[in-house]
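A.B. asks: Quick one: structure below, then a few questions.
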Amino acid sequence: MTFETEIPIADMAIRLACACGFAFFLGLDREVRGKAAGLRTHMLVSLGSAAFIIMGMSLLFATAEGDPSASIDPTRIIDGVIGGIGFLGAGAIIQSGGDIKGLTTGASVWAAGAIGLACGLGYLPLAALFSGFAVTIVLVLGHFEHKVIEEKD
């Protein structure tokens, strides 16, 4: 069975590779810090998000050329991905002795999903910019945050 799509295979491969590559840098920080959701988790979340939206866009193009009554709303795919990733991110957050831990990891997993969606939609400049900002926030501001906490103690 062949499946024709408006998105060429090479373009799909580029989008999926960018989703993995951009999420790599975000997940690397979590991996180095020994967090539960590390490098592979971030890359897989981003890759999966990209794949889901590529599939949705391919279905949208296929139905647009066929039966006019058949339609798919890609925003519903985005909603589903966001909800699913929110569930994963929430799993990274724990409460221990009155302290809440894992918020940054949960947020970075959610960000990895956004990177994947942007890559899957072909918004590679947005995905690159978003990744740059996210890595800066996690690394630079994380370092600054730890310095401030050390000075308080």
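The values are calculated or read from the model by the stated rules, or taken from the named source; none is laboratory data. Here the structure is a predicted model, which means the values were calculated and not measured. Here Cβ is always computed from backbone atoms with ideal geometry, including for glycine, and neighbour counts include all displayed protein chains.
A.B. asks: Got a number for residues in the range 92-122 being of a type outside the set (Val, Ile, Thr) and within 17 Å of residue 26 (Cβ to Cβ)?
C.D. replies: Going through the range 92-122, the residues of a type outside the set (Val, Ile, Thr) turn out to be 92, 95-99, 101-103, 106-108, 110-114, 116-122.
Imposing the further condition that a residue be within 17 Å of residue 26 (Cβ to Cβ) reduces the set to 92, 102-103, 106-108, 110-114, 116-120.
Residues meeting the conditions: 16.
A.B. asks: What number of residues within the range 48-62 are closer than 17 Å to residue 110 by Cβ and surrounded by fewer than 22 Cβ atoms within 10 Å (Cβ to Cβ)?
C.D. replies: Initially, the range 48-62 is screened for residues closer than 17 Å to residue 110 by Cβ, giving 48-50, 52-53.
Those left that are additionally surrounded by fewer than 22 Cβ atoms within 10 Å (Cβ to Cβ): 48, 52.
Of the residues in the range 48-62, 2 are closer than 17 Å to residue 110 by Cβ and surrounded by fewer than 22 Cβ atoms within 10 Å (Cβ to Cβ).
A.B. asks: Any residue at all in the range 92-99 that's surrounded by fewer than 19 Cβ atoms within 10 Å (Cβ to Cβ) and touching a helix residue (DSSP H, G or I) at 6+ places or on another chain (Cβ under 8 Å)?
C.D. replies: Within the range 92-99, one or more residues are surrounded by fewer than 19 Cβ atoms within 10 Å (Cβ to Cβ) and touching a helix residue (DSSP H, G or I) at 6+ places or on another chain (Cβ under 8 Å).
A.B. asks: Which of (1) within 15 Å of residue 23 (Cα to Cα); (2) modelled with pLDDT under 90 is the odd one out, the single condition residue 99 does not satisfy?
C.D. replies: (1)
A.B. asks: Hey, does the range 38-55 have a residue that's closer than 15 Å to residue 112 by Cα, modelled with pLDDT of 85 or more and not in a helix (DSSP H, G or I)? Steps first, answer last, please.
C.D. replies: To start, the set of residues in the range 38-55 that are closer than 15 Å to residue 112 by Cα comprises 38-53.
When the remaining residues are screened for being modelled with pLDDT of 85 or more, the result is 38-53.
Next, from what is left, pick out any that are not in a helix (DSSP H, G or I): 38.
The answer is yes, given that some residue of the range 38-55 is closer than 15 Å to residue 112 by Cα, modelled with pLDDT of 85 or more and not in a helix (DSSP H, G or I).
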